[in-house]
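Before any comments, here is the structure.
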Amino acid sequence: DSGVTQTPKHLITATGQRVTLRCSPRSGDLSVYWYQQSLDQGLQFLIQYYNGEERAKGNILERFSAQQFPDLHSELNLSSLELGDSALYFCASSSGLAGETGELFFGEGSRLTVL
Amino acid sequence: QKEVEQDPGPLSVPEGAIVSLNCTYSNSAFQYFMWYRQYSRKGPELLMYTYSSGNKEDGRFTAQVDKSSKYISLFIRDSQPSDSATYLCAKRRGISSNTGKLIFGQGTTLQVKP
């Protein structure tokens, strides 16, 4: 158990809808990362938050947004969903801004299916 | 060109075999290199990390980095069925970059047959 909790584990929705994925980082970790994993693209970095502020941005679509709350949990909002958004969404956390060993602790992911 | 190139496999070997997994990367600005292991329906977990060129050993696992050719390898000795998983190589910039984001390869799926 990595200590990172993601909900929901599975989500099935229709095109055009909006969903929110939630992540609770390991106790004490200030950095939260969101990744998208699909069969053809692999594990793609979306965005990082550190102590409530956006720190780094990857190939995150404009239809997607994220935030980190004062209690350090994070939410990833996906709107106007398309079939191609079906994927596993992982949240990861690390203790500091950069982490000396590069260790990110991953949750078990939220599997999103868009029909 | 992807920042980290990795053959997705699948790779199937008999138990006890030596496994070699490889990645190539672009952009010399990246200084840290990792191998993550991901079991089916689980999140990735860190297996090994290296900073400099050369070899790093941990039990049956050896990570090798050649910065001059931008090549990363993971060797698994005496492979076991429990090693069956997807192995992802990753890179990140130095601490001064102020971000710990990792750039991952596609992942190589390994199956070790008893």
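Here are some notes:
- Of the trypsin sites (Lys or Arg not before Pro) in the stretch B:36-114, those whose Cβ has at most 10 other Cβ within 10 Å and which sit in DSSP loop: B:ARG41
- Within the stretch A:1-87: Cβ-based charge dipole about Cα centre, in debye rounded to nearest 20 (Lys, Arg +1; Asp, Glu -1): 80
- Rounded if a/c under 1.5, otherwise prolate or oblate - the stretch B:15-62, Cα gyration tensor axes: oblate
- Neighbourhood charge, 12 Å Cβ-Cβ cut-off, centred on B:LYS91 and excluding it, Lys, Arg +1 and Asp, Glu -1: +4
- Restricting the chymotrypsin sites (Phe, Trp or Tyr not before Pro) of the stretch B:19-114 to loop positions (DSSP other than H, G, I, E, B) with no more than 15 neighbouring Cβ atoms within 10 Å leaves B:TYR39, B:TYR51.
- For the stretch A:1-21 versus the stretch B:1-73, the gap between their alpha-carbon centres in whole angstrom: 29
- Derived scalar couplings ³J(HN,Hα) [the stretch B:98-110; Karplus, 6.51 cos²θ - 1.76 cosθ + 1.60; whole Hz; x for Gly, Pro]: 6, 8, x, 4, 10, 9, 9, x, 5, x, 10, 8, 10
- Amide hydrogen proximity for B:GLN106: with H placed 1.01 Å from N in the peptide plane, the residues at 5 or more positions away or on another chain lying under 5 Å are B:GLN6.
- Within the same chain, lysines fewer than 8 places from A:LYS9 are excluded, and of the rest, those with a Cα less than 20 Å from its Cα are B:LYS42.
- A quarter of the convex hull surface defined by the alpha-carbon atoms of chain A gives 6.7 nm² as the mean projection.
- Semi-axis lengths, Å, chain B, gyration tensor of Cα atoms, sqrt of 5 times eigenvalues: 24, 14, 13
- In Hz, Karplus ³J(HN,Hα) per residue of the stretch B:60-76 (6.51, -1.76, 1.60; θ = phi - 60°; x = Gly, Pro): 7, 10, 10, 9, 10, 10, 10, 5, 5, 9, 6, 10, 10, 9, 10, 10, 10
- Pair B:ARG77, A:SER27: separation of 7 Å Cα→Cβ label points (nm): 3.8
Every number in this text was worked out from the coordinates using simple rules, so none of it is lab data. Computed from a predicted structure; not experimentally measured. FYI the Cβ positions are ideal-geometry reconstructions off the backbone, even for glycines, and counts take in every protein chain you see.
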